[in-house]
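Some notes on the structure that comes next.
The values are calculated or read from the model by the stated rules, or taken from the named source; none is laboratory data. Everything numeric in this text was worked out from a predicted model, so none of it was measured. Note that we place each Cβ from the backbone using ideal geometry, even for glycine, and neighbour counts take in every protein chain shown. Accessible surface is based on the protein model in full, side chains and every heavy atom, while ligands, DNA and RNA are left aside. Shrake-Rupley method; radii C 1.70, N 1.55, O 1.52, S 1.80 Å.
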Amino acid sequence: FVYWRMGTGGVPRFRHGPVLPALLAGAAWALPAIAAGALWLLALRYFGTPLPGPQGAMALPLLLALACVAAPLAEEFIFRGLLFGGLRRSLAAAPAIAASAALFAVVHPPPAMVPVFVLGLCTACAYARNGGLLAPVATHAIYNGAMIVIQA
């Protein structure tokens with residue numbers, strides 16, 4: 001917000017074009033990520049890997065707020081807006097998408113790295129095709145919400 005208000009150049013756009021198509025694109029890109037995450041959770045459960053869940057009455061609403069609002073806004077600005085945007089200036093689209101997704105996965109907990117890598121691929125594709133951060137933020141928020149609901 002501060003960069004936007006100051007008129008700083010090179011700051012990633014949050015919205016590029018109409019809102020509804022960006023939200024629909026974000027929802028569409030979330031579907032393969034949710035499928036990968038759900039399959040990964042099934043595999044973890046099959047092999048007996050314990051998964052932490054929200055504890056307490058307020059834990060689920062707070063977790064949903066953080067995971068579906070704060071994390072997508074912050075992480076997409078960093079990983080798609082800044083990192084992918086920088087990589088895209090020196091690499092072709094596919095290597096930049098893969099590299100930003102790999103770095104995104106590395107900063108997440110090890111049991112989640114595989115589905116988060118898929119999420120990173122989907123959000124980078126959404127950003128590359130849409131030109132603004134709204135589509136990848138929507139993808140990320142929908143994915144996080146779906147994973148929390150599946151685990152709860």
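Once you put a point 7 Å from the Cα of R13 and another 7 Å from the Cα of V114, both along the Cβ direction, what distance in nm separates them?
Each label point lies 7 Å from its Cα, and together they span 3.8 nm.
At 1.4 Å probe radius, can you tell me the per residue accessible area of the chain in Å²? Working shown, then result.
On the way: 8580 Å² over 152 residues.
Counting only protein heavy atoms, the per-residue value for the chain is 56 Å².
To one decimal place, what orientation-averaged projected area in nm² is obtained for the convex hull of the Cα set of region 110-152?
Details: hull surface 11.9 nm².
Average of the hull's projected areas for region 110-152 equals 3.0 nm².
Helix hunt in the chain: which complete DSSP H runs extend at least 18 Å axially by C-alpha with mean Kyte-Doolittle at least 1.6? Could the numbers behind the result be given before it?
Details: long enough: 19-46 (40 Å, 1.62); 93-106 (20 Å, 1.95); 113-130 (25 Å, 1.29); 134-151 (26 Å, 1.14).
What comes out of the filter, once short or polar helices are dropped, is 19-46, 93-106.
Students often check this: by mean Cβ neighbours within 10 Å, which of 93-101, 39-47 ranks highest, and how do the rest follow? Intermediate results must be reported in sequence, preceding the final value.
On the way: 93-101: 18.1, 39-47: 12.8.
Peptide ranking by packing, descending: 93-101, 39-47.
Can you give the convex hull volume per residue for the Cα atoms of the chain, as a whole number of Å³? Can you show the working numbers first?
On the way: hull volume 17.3 nm³, N = 152.
With only Cα atoms used, the chain gives 114 Å³ per residue.
Put a dot 7 Å past each Cα toward the Cβ at L82 and V106; how far apart are the dots in nm?
If labels sit at V106 and L82, their model points lie 1.6 nm apart.
With n ≥ 4 as the cut-off for DSSP H runs, can you work out [θ] at 222 nm for the chain, using -39500 (n - 2.57) per run divided by the number of residues, rounded to the nearest 500? Write down the numbers at each step before the final one.
Working: 8 runs with 102 residues, N = 152.
The helix contribution divided over the chain gives -21000 deg cm²/dmol.
Which residues in region 125-152 have a backbone N closer than 19 Å to a point placed 7 Å from the Cα of A65 along the Cα-to-Cβ line?
141-142, 144-146, 148-149
State, to one decimal in nm, how far the label point of M6 lies from the label point of I148, with both points 7 Å from Cα in the Cβ direction.
Computed distance between label sites M6 and I148 equals 3.2 nm.
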